[in-house]
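To keep things clear, I will list the structure first and then write my remarks on it.
The values are calculated or read from the model by the stated rules, or taken from the named source; none is laboratory data. Predicted model only: the values in this text are computed from it and were never measured. Ideal geometry is used to build each Cβ from the backbone, glycine not excepted, and the neighbour counts take in all protein chains shown. Accessible surface areas use protein heavy atoms only, side chains included; no ligands, DNA or RNA. Shrake-Rupley method; radii C 1.70, N 1.55, O 1.52, S 1.80 Å.
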Amino acid sequence: MKASWRIGLALAAAAASAGAFAVLWPHARDAGTLLLAQDDPAQLSDIQVGSALRNNQAVIAQGVSQALDSHDADLAKSFTDLAKDRNIAVQSDVTARVDAAVAEENSTASTVKRFATGLVTGEADDVASLSGTVAGDLFVFGDIRDVVREGKRLAMGENADRLVLGLASVGLAVTAATYVSVGGAVPVRAGLSMVKDARKVGRLGAGLTEWAGRSARGVVDAPMLQQAVATASLARPGQTISAMKAAFKAEKAGALVRLAKDVGRVGEKAGTKGALDVLRIADGPKDVARAARLAESKGSQTRAIMKILGRGALLLTTGAFNLAWWVFAALLSLFGFIASIKATTERLTLSWIQRSKLRRAKRDLAAAQARLSAQAT
């Protein structure tokens, strides 16, 4: 009875361990996959988007509807591209609405209006005017305008935006490099303009704003800039640029240039609005660099992915310790199952050996008794 009780206990432990492993395994598998993909934004987003779609099949349709309602044709197209990549059917009437919205947004009249707004004012009040702002910066006067405006505010003791001032100063040097390299620095130039204008329209995330502000603080020599602003004139752009460039400390602009390059990479693959989405959710330059890798892999789907996942598209939002715990718990239950099976096997074997010995002993005893009886007779 004692042996039977021990065998039953081992079997119960094996069953409990197997049950625990069955419950923990799906969580452990997903956690392990996320941990392995944490340094690859494209793979990480694939896993998490797949999980989101399994939990809610209507995510794509809802995203398209909300984008169209907010007159964001680019985002609606991003959702339909994601649906196509995932082999998710989208109703034909919805696809037609998206195509019509994209065609209207890309119409000549709309493009000219957006371009003129950004080119003339430089104060982008929506994302559409950024194209003209970038063009204005490429033709130099956009950065001169921003440096003069913020420099005068600084000189007069008003509330100047030092981040815009620093970005515009860096932009002057990058624009010169763009002309020298025959357009080779255009992505960096565009990236600087997008960061600058994201700041203007309040689309630069708090964490990234704080980092960029620190990086821009040492880029400009304030006294030299004040002197340059005092003599600045759009009628003499060459003299003005030379004076402003003298106040610019190129050796301290490396971090901002790297940020602008990554933003430009996002803009090339995911569009200007995609770059602005990244700037809004990014907490620092590392997030932007990861977003650039994501955009290079996912292209037009990037905006939809970020809309679904938020910062989760760029990095693990669940603690690595919590994910590792699921893996550890599953391994622990698997170890318990193997140990229980081992104990059960050993106890069954021991019970069989003991029973075999007992039967042999009984046979030997019966044979001995038989011999004694024969001798007695």
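Can you tell me which residue among Ala361, Ala367, Ala330 is touching a His at 6+ places or on another chain (Cβ under 9 Å) and not β-branched (Val, Ile, Thr)?
Result: Ala330 is the single residue among Ala361, Ala367, Ala330 that is touching a His at 6+ places or on another chain (Cβ under 9 Å) and not β-branched (Val, Ile, Thr).
I need a count of the residues in segment 68-98 that are surrounded by fewer than 18 Cβ atoms within 10 Å (Cβ to Cβ), outside any loop (DSSP other than H, G, I, E, B) and small (Gly, Ala, Ser).
2
Just the residues that are closer than 21 Å to Asp85 by Cα, open to solvent by less than 30 Å² (accessible area, probe 1.4 Å) and not small (Gly, Ala, Ser), please, taken from segment 261-275.
The one that is closer than 21 Å to Asp85 by Cα, open to solvent by less than 30 Å² (accessible area, probe 1.4 Å) and not small (Gly, Ala, Ser): Val266.
Kindly evaluate Phe21 against the criterion of being under 18 Å from Gly271 (Cα atoms), in a helix (DSSP H, G or I), in contact with a helix residue (DSSP H, G or I) (Cβ under 6 Å, 6 or more places away or on another chain) and open to solvent by less than 80 Å² (accessible area, probe 1.4 Å). Spell out how you get there, then give the answer.
Values: under 18 Å from Gly271 (Cα atoms): no; in a helix (DSSP H, G or I): yes; in contact with a helix residue (DSSP H, G or I) (Cβ under 6 Å, 6 or more places away or on another chain): yes; open to solvent by less than 80 Å² (accessible area, probe 1.4 Å): yes.
In short, no.
I need the full set of residues from segment 251-290 which are farther than 19 Å from Ala168 by Cβ and of a type in the set (S, T, N, Q), in order please.
None - no residue of segment 251-290 is farther than 19 Å from Ala168 by Cβ and of a type in the set (S, T, N, Q), so the list stays empty.
Test Arg97 against the criterion of being among the basic types (Lys, Arg) and within 21 Å of the chain's Cα centre (by Cα), and give yes or no. Before you say what the answer is, go through the steps one by one.
Details: among the basic types (Lys, Arg): yes; within 21 Å of the chain's Cα centre (by Cα): no.
For Arg97, the condition - among the basic types (Lys, Arg) and within 21 Å of the chain's Cα centre (by Cα) - is not met.
Among the residues of segment 275-284, are any modelled with pLDDT of 85 or more, in contact with a Ser or Thr (Cβ under 6 Å, 6 or more places away or on another chain) and under 23 Å from Phe79 (Cβ atoms)?
No: segment 275-284 contains no residue that is modelled with pLDDT of 85 or more, in contact with a Ser or Thr (Cβ under 6 Å, 6 or more places away or on another chain) and under 23 Å from Phe79 (Cβ atoms).
Conditions (1) touching an Asp or Glu at 6+ places or on another chain (Cβ under 9 Å); (2) under 30 Å from Gly8 (Cβ atoms); (3) among the polar types (S, T, N, Q), marked per residue:
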position: Ser333; (1), (2), (3): no, yes, yes
position: Ile338; (1), (2), (3): no, yes, no
position: Glu346; (1), (2), (3): no, yes, no
position: Ile353; (1), (2), (3): no, yes, no
position: Ala370; (1), (2), (3): no, no, no
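So which helices (runs of 4 or more DSSP H) stay within segment 276-377 end to end and still have 2 or more residues that are surrounded by fewer than 18 Cβ atoms within 10 Å (Cβ to Cβ) and hydroxyl-bearing (Ser, Thr, Tyr)?
320-376
Restricting attention to segment 15-46, which residues are modelled with pLDDT of 80 or more, out of contact with any Leu (no Cβ under 6 Å at 6 or more places or on another chain) and aliphatic (A, V, I, L, M)?
The answer is Ala15, Ala16, Ala18, Ala20, Ala22, Val23, Leu44.
Would you confirm whether any residue within segment 105-117 is modelled with pLDDT of 60 or more and under 22 Å from Gly299 (Cβ atoms)?
Yes, segment 105-117 has at least one match.
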